């Protein structure tokens, strides 16, 4: 329909030229005045004007449409004059005028008052129903579609059904595209679904455009149903004729989409053969779409991708820029995975470097991925000539491609580094600069001989770098690598400059870097101290704190383990993770990294505060906290009930007395700590019951008085779900592992709004061997669980026998409570707890993995050799997983150990893998595990697992018990 | 502008196009009248959502006839179609005794409209074929036609179903139009 408007305005342009001999390319609507046009619209009310001068009416209506396309909206006061004026044009039988009327109505249909627009419905139905002119029929239907809603559509349904099967392609297409439009509303979508029969006939229409629209509509109706789409595509693929390029293109696209969603949804051979036949189709659009689909197939073999590459290869020399662009873009994508297949196009790609910038960029990116070491410097030189002209998006693409290149051809660093250095001097976004810095850092890691030049260049870079995160990153790197470089003193000046010139976060990072230099290079220590003294009075708190800490630590060079360090000394650098020094172990810590992510560290420290251990603090004393969600532990000191605290304290003391005098020193401390913990925990429990504290779990744990003497918290596991999510009561369980106890921490949520649960407990019944190994020592009930508020209840299990032995166990788990009816709307209690109820949930388990924390060792092999051979335990299993990679990641998760020597990342296509794992068990002994996983041609996935431990012999075997597949 | 322009035009080409509105409450038979006039056969119709516009040729006069929906949701829009109207055909369902009062107030409402001041009024007492239909004189009385002093009016007993009386009504309109234009 826009063609109709174009044709008409074209005629007007022609007229203007004819009359006035105007210069060319004048916009006939230039400076059109809205008020004038609205005034002119009054002519529509004059029947003579409408009937005798349709051409004049067309002109006015075109001007009105032009204004609306420029953003003019009819106000309600214009409506009477203009909108109703236009409706009077229905009395004209001039086809062009009527088409413009439809255009206008289509514009206003969705924005105008629904009560007004209804005035044209009769005329539209009549146009569809009684006129024999297909243009009027089609347009009437398209406008009608924009007016109807679900309630009116059902009355008009038959017109749509008729239209879709109409012999005129124009009408049928209008019916089908109306169907697509109606899918925007779920109410009308249900009605469109009833037309599937009619739409099916459209799919087989002789007209290309009808087939295209019918296919689109049918696919949209089935979009969420992979099976339905699969059936549709299979049927279509089998009888495809290639006369409708658009229809085949969407068919290719849908096939590709379906395969990506679910590779098994359609016979891959049929799908591939179809795509392959499409690459030989006469139509360019089909060919390129099919090539793209093949390239995007998940895990496609190199031989299968060749026909697609051939199509794209030929596309590179096409006359049409669009085709060249489409070809080179897909090639750039696929070159990452199949560089050798794409290599054949290198000559053509090089020829495209003079093409338009975007095409040239993709050509270069492709070449960078396929290129050989010898061509690297030539390519980089070429990029350099036009890098400055590229938009930032493409600069980033290039930078990433250079990154890949650098990793592949580390030996070409002497060509790559100068390029990166000069690119870093250019203007560019953060992403671009970061990608370039990545190239440098990665090259330096892999090629030690380029370290001096990289470091000096990075120093130069931060002299003029506007991006704070990049500055702090480079400073951190300098701190790590700089002290061991050849001339550390040369780097210090650049670091010190940051202290004078930059923003606070950069200054803080610079202080940490200087401190690392001072700590690692004794010769520089006094100079560093001098520099630090100069900035002691910085405006920023963080900078000043770090400075004071660094000065203290560096001045205090002769003391060691005895320095009065507390956890508060830990100074965490937010930008780059690793911390500034703490304690006299500062020198080692200054260059080391934290043993756990900062969020876990924060929680672990809070738990430690509630329950500190004797002696100097070290990271080893921290419990391992996993997967804790929410804002962290809040040991709220608000709304603290004095009475509760006192009670908890009394309980804790009594408990401590009972613990006896045998381990007097330790238990005294524990009692004191326990009292504090119980106080804090009690308040947290109170806060949790009040519903103000969603994550009371960890803090509430300490309210269990029996735990005061249980010793150090070793590990807290991630919550495990014991019920379906949609159960009436949902229960999750996390396990807190102590030296001699395991505390099962159940979070119970009542999802029934007409009751609350009182005296909620969980009963655990050990199964099998577990009955001998575990003894329920204490239960802590949750007083009340209101609707939707999670509460915690605990069961403390004491390990019988040897306290350090690790046992797996399963418990029959039952939720018990007293239900009390409440009014759902007010929450008011409507009765008393008179009977108790039981609700069985999935079994709670204790896994051997609960008794280890992941801790990677560097040099696994050395550690393995060092561990006593006698401790070796071994199992061989066949595994129920699909791939080696999946098996590796699942087993790492089950064992709860840390992968070492980068063995945790297994390629998705790998057929064998060795995974090296290590951790520390409860009691401090080291555990090492070697997994060898193999895809056996006949027996499927098989695995041999070996474990060693530096402790007693049993430990290794028990750890392997965690692999319960 | 419209009227002046059109009369100039007519004197040049000697052919008059007459704009007629068919109005009335819903279910009065307006659309059936229109199509009976156009096709000369009874048509079954659905309630009109909006309007129908048709051109009729009668006695060398071209009529452009607008049949506007009578439902209460559409009645407010009638006024948008008043300007340049030569004659109004007001259709009454002669069997709908209960709503004759509503019809009366609708009629007097439109007679008060400025845009319809020069329009002639023909009232069609429709559905005369049905039992219990009021006679034209009774309708005239119920509508209070005798109180209309400012224009020519006529009442015509019609049956759109049988095609009775319709052309007689249009004859009256033709006579009035010819009378005014000389």
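Considering only the range A:118-139, I want to know if a residue exists there that is within 14 Å of chain B (Cβ to nearest Cβ), closer than 21 Å to residue A:202 by Cβ and not in a helix (DSSP H, G or I). Scanning the range A:118-139 turns up no residue that is within 14 Å of chain B (Cβ to nearest Cβ), closer than 21 Å to residue A:202 by Cβ and not in a helix (DSSP H, G or I). Given the criteria surrounded by fewer than 23 Cβ atoms within 10 Å (Cβ to Cβ), out of contact with any helix residue (DSSP H, G or I) (no Cβ under 9 Å at 6 or more places or on another chain) and touching a residue at least 24 places away in the same chain (Cβ under 8 Å), does residue A:260 qualify? The answer is yes for residue A:260. Please go through (1) part of a helix (DSSP H, G or I); (2) surrounded by fewer than 18 Cβ atoms within 10 Å (Cβ to Cβ); (3) in contact (Cβ under 8 Å) with a residue 24 or more places away in the chain; (4) more than 14 Å from chain A (Cβ to nearest Cβ) for residue B:100 and return the number of the only condition it doesn't satisfy. Of the numbered conditions (1) part of a helix (DSSP H, G or I); (2) surrounded by fewer than 18 Cβ atoms within 10 Å (Cβ to Cβ); (3) in contact (Cβ under 8 Å) with a residue 24 or more places away in the chain; (4) more than 14 Å from chain A (Cβ to nearest Cβ), the odd one out for residue B:100 is (2).
All but one of (1) under 17 Å from residue A:957 (Cβ atoms); (2) touching a strand residue (DSSP E or B) at 6+ places or on another chain (Cβ under 7 Å); (3) surrounded by 14 or more Cβ atoms within 10 Å (Cβ to Cβ) hold for residue A:903; which doesn't? Here residue A:903 meets the rest and fails (1). Look at the range B:50-97 and say how many of its residues are surrounded by fewer than 18 Cβ atoms within 10 Å (Cβ to Cβ), part of a loop (DSSP other than H, G, I, E, B) and within 14 Å of chain A (Cβ to nearest Cβ). Qualifying residue count, the range B:50-97: 3.
Here's the yes/no breakdown for (1) buried (at least 16 other Cβ atoms within 10 Å of the Cβ); (2) out of contact with any helix residue (DSSP H, G or I) (no Cβ under 8 Å at 6 or more places or on another chain); (3) more than 22 Å from residue A:381 (Cβ to Cβ); (4) in contact (Cβ under 8 Å) with a residue 60 or more places away in the chain:
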{"residue": "A:421", "(1), (2), (3), (4)": "yes, no, no, no"}
{"residue": "A:431", "(1), (2), (3), (4)": "no, no, yes, no"}
{"residue": "A:458", "(1), (2), (3), (4)": "yes, no, yes, no"}
{"residue": "A:464", "(1), (2), (3), (4)": "no, yes, yes, no"}
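For the residues A:111, A:145, the requirement of being outside any helix (DSSP H, G or I), within 48 Å of the chain's Cα centre (by Cα) and more than 14 Å from chain B (Cβ to nearest Cβ) singles out A:111. Does residue A:486 fit the bill of being outside any helix (DSSP H, G or I), surrounded by fewer than 20 Cβ atoms within 10 Å (Cβ to Cβ) and more than 32 Å from the chain's Cα centre (by Cα)? Spelling it out, residue A:486 is indeed outside any helix (DSSP H, G or I), surrounded by fewer than 20 Cβ atoms within 10 Å (Cβ to Cβ) and more than 32 Å from the chain's Cα centre (by Cα).
Scanning the range A:746-802 for residues that are in contact with a helix residue (DSSP H, G or I) (Cβ under 6 Å, 6 or more places away or on another chain) and surrounded by 21 or more Cβ atoms within 10 Å (Cβ to Cβ) returns A:792, A:796. Return yes when residue A:253 is farther than 30 Å from residue A:354 by Cα and touching a residue at least 40 places away in the same chain (Cβ under 8 Å) and no when it is not. In short, yes. Taking the criterion of being within 14 Å of chain A (Cβ to nearest Cβ), surrounded by 23 or more Cβ atoms within 10 Å (Cβ to Cβ) and more than 11 Å from the chain's Cα centre (by Cα), no residue of the range B:15-30 qualifies. Considering A:818, A:860, the condition of being surrounded by 15 or more Cβ atoms within 10 Å (Cβ to Cβ), touching a residue at least 24 places away in the same chain (Cβ under 8 Å) and assigned by TED's automatic domain parsing to the domain that holds residue A:750 is satisfied by A:818 alone.
Report every pair of residues separated by at least 6 positions or lying on different chains whose Cβ atoms are under 9 Å apart, first residue within the range A:69-94 and more than 10 Å from chain B (Cβ to nearest Cβ) and part of a loop (DSSP other than H, G, I, E, B), second at pLDDT below 80 and surrounded by fewer than 12 Cβ atoms within 10 Å (Cβ to Cβ). Pairs found: A:73/A:111; A:74/A:111. In the range A:155-175, the count of residues that are within 14 Å of chain B (Cβ to nearest Cβ) and farther than 29 Å from residue A:247 by Cα is one or more. One residue stands out in the range B:36-49 among those that are within 12 Å of chain A (Cβ to nearest Cβ) and touching a strand residue (DSSP E or B) at 6+ places or on another chain (Cβ under 8 Å): the one that is modelled with the lowest pLDDT, namely B:38. If only residues of the range A:826-854 that are crowded, with 16+ Cβ neighbours inside 10 Å and in a loop (DSSP other than H, G, I, E, B) are counted, the one that is modelled with the highest pLDDT is A:847.
The values are calculated or read from the model by the stated rules, or taken from the named source; none is laboratory data. Not measured: the values here are computed from a predicted model. Methodologically, a virtual Cβ is constructed for each residue, glycine included, from the backbone with ideal geometry; neighbour enumeration extends over all protein chains shown.
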